[in-house]
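Peer 1: What follows is a single structure, and I will ask about it in a moment.
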Amino acid sequence: MVGDIPPSYPDAILKGDVLTDLFEAVQARLKVILPESAFAHTILPPSPTKQTLQAIMKNGACVALGFAGWHRNENAGAFFRGDAIFPLSILLTHVTSRDLYLGTGQLRGMGVTGVMAAIAGGMHSWEVPTIGTCRLQGLHMSQSGDWFEERSALITAELIFNDVSLGNAETLALLEDFITLQSKVATVLEKKDE
């Protein structure tokens, strides 16, 4: 079997499988709830620096999505199952404090309360078919330090999809075949080096 052509690494795994599907679905949904005509959309790095957030803020109202992890559930059996967590940050800047909180009545001028209502209404209990349902952990106004403009707000949230699994037995079997063959090749090479 070692002389056989090795199986390729499963394409679905290379691309992130269900996690990539979720990320792209969340990103697309956010672009509908908070349209690109009024909000810049970007990907939040895992550990954003002050400079990164300041650069994001230059775009005006901005929606930044990230990925925080995949935490195993207690009921995980033969296949890994867990909660996929996506941090969301929304940056707003307005001329007055009232507009910052309540908005201007226009899409481009949404305030904190409007954005929170849109995210709560559009994301909580939203279902991604065959993958899971979004649970909004909460919406918060984060402290942004002295580098943040006085009439700016940073709204943060965690979007959680419970009990997510790869669930594709065929893809997992292909991955296992690849791992098994690679292990056999490594063993043969080790024996040659002895």
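The values are calculated or read from the model by the stated rules, or taken from the named source; none is laboratory data. Remember, predicted model here, so these are calculated numbers, not experimental data. Methodologically, a virtual Cβ is constructed for each residue, glycine included, from the backbone with ideal geometry; neighbour enumeration extends over all protein chains shown. To get the accessible areas, we keep the full protein, side chains included, count just its heavy atoms, and leave off ligands, DNA and RNA. Shrake-Rupley method; radii C 1.70, N 1.55, O 1.52, S 1.80 Å.
Peer 1: Looking at region 54-73, which of its residues are over 11 Å from residue 40 (Cα atoms), open to solvent by 60 Å² or more (accessible area, probe 1.4 Å) and among the polar types (S, T, N, Q)?
Peer 2: 54
Peer 1: Let me ask you something else. Just for region 74-98: of the residues that are surrounded by 12 or more Cβ atoms within 10 Å (Cβ to Cβ) and of a type in the set (D, E, K, R), which one is farthest from residue 160 (Cα to Cα)? I'd like the intermediate steps shown before the answer.
Peer 2: The initial filter retains those residues of region 74-98 that are surrounded by 12 or more Cβ atoms within 10 Å (Cβ to Cβ), namely 76, 80-94, 97-98.
If we keep only those that are of a type in the set (D, E, K, R) too, we end up with 81, 83, 98.
Working: 81: 13, 83: 6, 98: 31 Å.
The residue in question is 98.
Peer 1: Right, here's the next one. Test residue 12 against the criterion of being over 15 Å from residue 119 (Cβ atoms), small (Gly, Ala, Ser), assigned to a helix (DSSP H, G or I) and over 13 Å from the mean Cα position of the chain (by Cα), and give yes or no. Walk me through how you get there before you give the answer.
Peer 2: Working: over 15 Å from residue 119 (Cβ atoms): yes; small (Gly, Ala, Ser): yes; assigned to a helix (DSSP H, G or I): yes; over 13 Å from the mean Cα position of the chain (by Cα): yes.
Judged against the criteria, residue 12 is a match.
Peer 1: A further question on this structure: Of all residues in region 16-46, which are part of a loop (DSSP other than H, G, I, E, B) and farther than 13 Å from residue 88 by Cα?
Peer 2: Taking region 16-46 and keeping what is part of a loop (DSSP other than H, G, I, E, B), we get 16, 34-39, 44-46.
Residues satisfying the conditions are 16, 35, 36, 37, 38, 39.
Peer 1: Count, please, the residues in region 11-38 that happen to be without any contact (Cβ under 8 Å) to a residue 12 or more places away in the chain and of a type in the set (A, V, I, L, M).
Peer 2: Residues meeting the conditions: 2.
Peer 1: What pairs can you find where one residue is in region 80-97 and touching a residue at least 40 places away in the same chain (Cβ under 8 Å), the other is assigned to a helix (DSSP H, G or I), and their Cβ atoms are less than 6 Å apart, with a gap of 6+ or different chains?
Peer 2: Within 6 Å, the pairs are 84/22; 86/26; 90/115; 91/57; 94/100.
Peer 1: When region 99-111 is examined, which residues are found to be out of contact with any Ser or Thr (no Cβ under 9 Å at 6 or more places or on another chain), under 17 Å from residue 36 (Cα atoms) and open to solvent by 40 Å² or more (accessible area, probe 1.4 Å)?
Peer 2: Taking region 99-111 and keeping what is out of contact with any Ser or Thr (no Cβ under 9 Å at 6 or more places or on another chain), we get 99, 104-106, 109.
If we keep only those that are under 17 Å from residue 36 (Cα atoms) as well, we get 106, 109.
Within region 99-111, 106 is the sole residue that qualifies.
Peer 1: I would also like to ask the following. Under 9 Å by Cβ, and 6 or more places apart or on different chains, what pairs join a residue from region 55-66 that is in contact (Cβ under 8 Å) with a residue 60 or more places away in the chain with one that is open to solvent by less than 10 Å² (accessible area, probe 1.4 Å)?
Peer 2: Filtered contacts from region 55-66: 57/91.
Peer 1: Can we say residue 154 is part of a strand (DSSP E or B), among the hydrophobic types (A, V, I, L, M, F, W, C), closer than 18 Å to residue 64 by Cβ and open to solvent by 30 Å² or more (accessible area, probe 1.4 Å)? Outline the logic, then answer.
Peer 2: On the way: part of a strand (DSSP E or B): yes; among the hydrophobic types (A, V, I, L, M, F, W, C): yes; closer than 18 Å to residue 64 by Cβ: yes; open to solvent by 30 Å² or more (accessible area, probe 1.4 Å): no.
So residue 154 does not fit the description; no.
Peer 1: Right, something else. Taking into account only those residues within region 112-140 that are assigned to a loop (DSSP other than H, G, I, E, B) and modelled with pLDDT of 95 or more, which is least open to solvent (accessible area, probe 1.4 Å)? Walk me through it before giving the result.
Peer 2: First pass over region 112-140, keeping only residues assigned to a loop (DSSP other than H, G, I, E, B): 124-126, 129-131.
Remaining after also requiring modelled with pLDDT of 95 or more: 124-126.
Numbers: 124: 84, 125: 78, 126: 41 Å².
Going through the qualifying residues, I end up with 126.
Peer 1: Identify all residues within region 158-177 that are surrounded by 16 or more Cβ atoms within 10 Å (Cβ to Cβ) and in a loop (DSSP other than H, G, I, E, B); write none if there are none.
Peer 2: Matches in region 158-177: 166, 168.
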